[in-house]
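A.B. asks: Dropping the structure in here first, questions after.
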Amino acid sequence: MINGIESQSAASRASNGGTSLPLTQSQELRESFLELLTTQLQNQDPLNPLENAEMTSQIAQINTVSGIEQLNQTLKIITGQIDAGQALQAAELVGQGVLMPGNRVLLQQDEEGDAVTTPFGIEMEQPAENVRVTITGPSGEVVNRYDIGSVAAGVQSFTWDGLTSEGAVAASGAYTVSLEATDADGEAVDAEALNYAQVQGVTPQDQNGQVRLDLGGVYGQIALDDIRMIL
């Protein structure tokens, strides 16, 4: 039995071309176990032989470490597949409009003088009986203020008609949206404004291994998790 174990260890070293290759933790444990077992068998007391339970316990520990290493390798493969799936999903968003946290609305007058505005969104954890929208200009002046009525919980998209409170078309430029949401009792409800942007490109992975979307202009890059709605 001793010669068999020594031959197995020698064969393992020979299969590596006689060179010392990097070993995983479980392989190192196996080598150490074989050396220790060989030494114990060579020097054991015939009246007090090596206990089977002790040998079985050591083998079980080796198998546990080996199983953990295989699990880690499997998780790496799964993580890589998830990252690849996210990259493909993000690539399909190029050219699409999305809503993300922010409070900007852009207005552009067309050739006929009509207003064309980008949409905005509202995200709420609970429904509101009424939401009041306030549009302010670059200098902080209130351009328009109006109620949009009840809004359900979740993410909803809306569009400002581009008119001032006097009914005139506002000048082209960037405006700010602020929200005041209340429930049926008139109590304030948390509401987060969302602004619109168009996906220009995709960065497969940043330094943290995350896929990011390039929105261009003032918006820069955002993570997939920042998207609240695809329009």
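The values are calculated or read from the model by the stated rules, or taken from the named source; none is laboratory data. Given the structure is predicted, the values throughout are model-derived calculations rather than measurements. Because the Cβ atoms are built from the backbone with ideal geometry, glycine has one as well, and the counts that use them run over all protein chains shown.
A.B. asks: Gly167: on the phi > 0 side of the Ramachandran plot, in contact (Cβ under 8 Å) with a residue 12 or more places away in the chain and not aromatic (Phe, Trp, Tyr), yes or no?
C.D. replies: On the way: on the phi > 0 side of the Ramachandran plot: yes; in contact (Cβ under 8 Å) with a residue 12 or more places away in the chain: no; not aromatic (Phe, Trp, Tyr): yes.
No: the conditions fail for Gly167.
A.B. asks: Tally time: how many residues in the range 139-182 are in contact with a Ser or Thr (Cβ under 8 Å, 6 or more places away or on another chain), loosely packed, with under 15 Cβ neighbours inside 10 Å and closer than 16 Å to Asn195 by Cβ?
C.D. replies: The qualifying residues number 2.
A.B. asks: Determine whether Gly186 is surrounded by fewer than 18 Cβ atoms within 10 Å (Cβ to Cβ), over 13 Å from Phe120 (Cα atoms), at pLDDT 90 or above and touching an Asp or Glu at 6+ places or on another chain (Cβ under 9 Å).
C.D. replies: yes
A.B. asks: Still on this structure, I have one more. Looking at Thr203 and the list (1) in the same structural domain as Ala115 (by TED's automatic domain parsing); (2) exposed (fewer than 15 other Cβ atoms within 10 Å of the Cβ); (3) of a type in the set (S, T, N, Q), which single condition is not satisfied?
C.D. replies: Against the list (1) in the same structural domain as Ala115 (by TED's automatic domain parsing); (2) exposed (fewer than 15 other Cβ atoms within 10 Å of the Cβ); (3) of a type in the set (S, T, N, Q), Thr203 comes up short only on (1).
A.B. asks: I would also like to ask the following. Can you tell which of Ala181, Ala197, Ala174 is of a type in the set (A, V, I, L, M, F, W, C) and either more than 16 Å from Arg104 (Cα to Cα) or in a helix (DSSP H, G or I) (or both)? Give the steps one after another, and end with the answer.
C.D. replies: On the way: Ala197 fails: either more than 16 Å from Arg104 (Cα to Cα) or in a helix (DSSP H, G or I) (or both); Ala174 fails: either more than 16 Å from Arg104 (Cα to Cα) or in a helix (DSSP H, G or I) (or both).
Result: Ala181 is the single residue among Ala181, Ala197, Ala174 that is of a type in the set (A, V, I, L, M, F, W, C) and either more than 16 Å from Arg104 (Cα to Cα) or in a helix (DSSP H, G or I) (or both).
A.B. asks: Is the range 203-212 home to any residue that is modelled with pLDDT of 90 or more and either part of a strand (DSSP E or B) or not hydroxyl-bearing (Ser, Thr, Tyr) (or both)? Before the answer, list the steps.
C.D. replies: Here is the first cut: in the range 203-212, the residues modelled with pLDDT of 90 or more are none.
Looking for residues that are modelled with pLDDT of 90 or more and either part of a strand (DSSP E or B) or not hydroxyl-bearing (Ser, Thr, Tyr) (or both), one finds none in the range 203-212, hence no.
A.B. asks: Same structure again: Hey, does the range 142-150 have a residue that's closer than 16 Å to Gly102 by Cβ and either among the aliphatic types (A, V, I, L, M) or in the same structural domain as Gly102 (by TED's automatic domain parsing) (or both)? Outline the logic, then answer.
C.D. replies: If we filter the range 142-150 for residues that are closer than 16 Å to Gly102 by Cβ, which is where we start, we get none.
Within the range 142-150, not a single residue is closer than 16 Å to Gly102 by Cβ and either among the aliphatic types (A, V, I, L, M) or in the same structural domain as Gly102 (by TED's automatic domain parsing) (or both).
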